[in-house]
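Values in this text are rule-based calculations from the coordinates and carry no lab data. If you're wondering where the values come from, they're calculated on a predicted model, not measured in any experiment. Please note: Cβ atoms are built from the backbone with ideal geometry, for glycine as well, and neighbour counts cover all protein chains shown.
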Amino acid sequence: MASNPIEIARGTWHPARSNQASDAVLLAEDTTLSVRLAEGDALQAADDLARIKVSDRIGRIPRRLNFVSGGAFVTVDNDGIDLLLAAHRQNRSGWIHEVERFHPRLLGFVVVVFLLAALIYRFALPALVEVAVWATPPVVTEMMASGTLASLDKSILSPSKLTAAEQKPLQDGFASLASYSGRGAKAYRLHFRDGGYIGPNAFALPDGSLVLTDQLVAMAGGDTEMVLGVLAHEIGHVEQNHSLRQLYRAAGTAGLIMLIAGDIGSGGEEILTDGAALLSLSYSRSAEAEADRISVELMAKAGMDPTAIGRFFALLEKKLGDKGATSMLSTHPGTPERRKAIDDYARLIKQKQTP
């Protein structure tokens, strides 16, 4: 007893060597496929599935079934054709369709976006940072510095306990160093503060204000030139606008992250932000190395020991146990590495000064 034909799909029938197209129905009875017109039910073709050439599936492009008679049945019902082929253990969906299911264009777009972001970070962002630094008026850096110092005075720092006699040699030496800087002595001001829990420290604000803590002076144990070497290092940061560059670079990186990530949630943004922070560490290390070299240069010009800041790092090794080398997660070059670089650079400067 023959089974009733099952409707597989609806489409159009294209007779051989003809431009006509008629609405038709594809039917299946076991492995035999037949095409009948939608109106009139006239049989147009019939053949075994194994003898029919079925086009591969490519997205939503209509499928074409070429019969031995030369006619072709065309349908947009790709799912119906896939079910028919699957029922008879034939997979003719096509590798292009399988690849397309994984959205290679989207993957390619993502790759292009990240490559573009890397190029922006590597080349465009530094250029924009330089433009921003150049365009920043002095009043902006003065407002930033005064606000920062006022905030620190309220929360962390307190008035210095050093006497005027203790401060004077440091003030005089600092003025001498500043006079050899590119901006001149008038561009710099030295502030003494009790560092509280931040301990021995010295830092520069973008307008040329430098803060020196009592604890750092005490740790130096009377080695005035060592302290001046540290201050010369901080002058180097101001000379090269390192703090401004870091600020603008951080803002630019944050903007780039927002451009890439969009609204991906706090978790995704945190991952990208941490990654950007790792990328910026090498920039911080290069700034520190540059400030070290400027310290050597200024100390030499002022007739002081150009390796004085190296003694500061030696003191850090001794008292704080800071003997680590540069690592991927460090913002500063390793202390032993910095001491060697300072000694080498001071030796080079001395050779140049020797007739």
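Phi angles of segment 217-229 translate, via the Karplus equation with coefficients 6.51, -1.76, 1.60 and θ = phi - 60°, into HN-Hα couplings of 4, 5, 5, 5, x, x, 7, 4, 5, 4, 5, 5, x Hz per residue; Gly and Pro are given as x. Taking only the C-alpha atoms of segment 1-67, Rg followed by Dmax gives 12.2, 39 Å. Taking one quarter of the surface of the convex hull spanned by the alpha-carbon atoms of segment 163-216 gives a direction-averaged projected area of 3.8 nm².
Quote the charge dipole size of segment 130-195 about the Cα centre in Debye, to the nearest 20; the model charges only the Cβ of Lys and Arg (+1) and of Asp and Glu (-1).
Values: 7 positive and 6 negative charges, 25 e Å.
Its charge dipole is roughly 120 debye.
Per-residue extension of 0.36 nm, minus the Cα-Cα distance of Val110 and Arg51, leaves a gain of 17.0 nm for this segment.
Applying 1/(1 + (r/R0)^6) with r as the Cβ-Cβ distance of Ala175 and Arg122 and R0 = 30 angstrom yields a FRET efficiency of 0.15. Calculated FRET efficiency, Lys318 to Val139, Cβ-Cβ distance, R0 = 45 Å: about 0.55 to the nearest 0.05.
For Ala302, no residue whose modelled amide H falls within less than 5 Å of its own remains once neighbours fewer than 5 places apart on the same chain are excluded. Packing, taken as the mean count of other beta carbons within 10 Å per residue, orders the peptides 335-343, 153-161 from highest to lowest as 335-343, 153-161. Modelled spin-label separation between Ala185 and Asp153, with each label point placed 7 Å from Cα along the Cα-to-Cβ direction: 2.4 nm.
Ordered by packing density, taken as the mean number of other Cβ atoms within 10 Å over each peptide's residues, highest first, how do 81-88, 66-73 rank? All intermediate terms of the calculation are to be shown ahead of the outcome.
Numbers: 81-88: 16.2, 66-73: 17.9.
Ranking, from highest mean packing down: 66-73, 81-88.
Based on the Stokes-Einstein relation at 10 °C and a viscosity of 1.306 mPa s, and on the Kirkwood radius from alpha carbon pairs, segment 111-208 is assigned a translational diffusion coefficient of 95 µm²/s.
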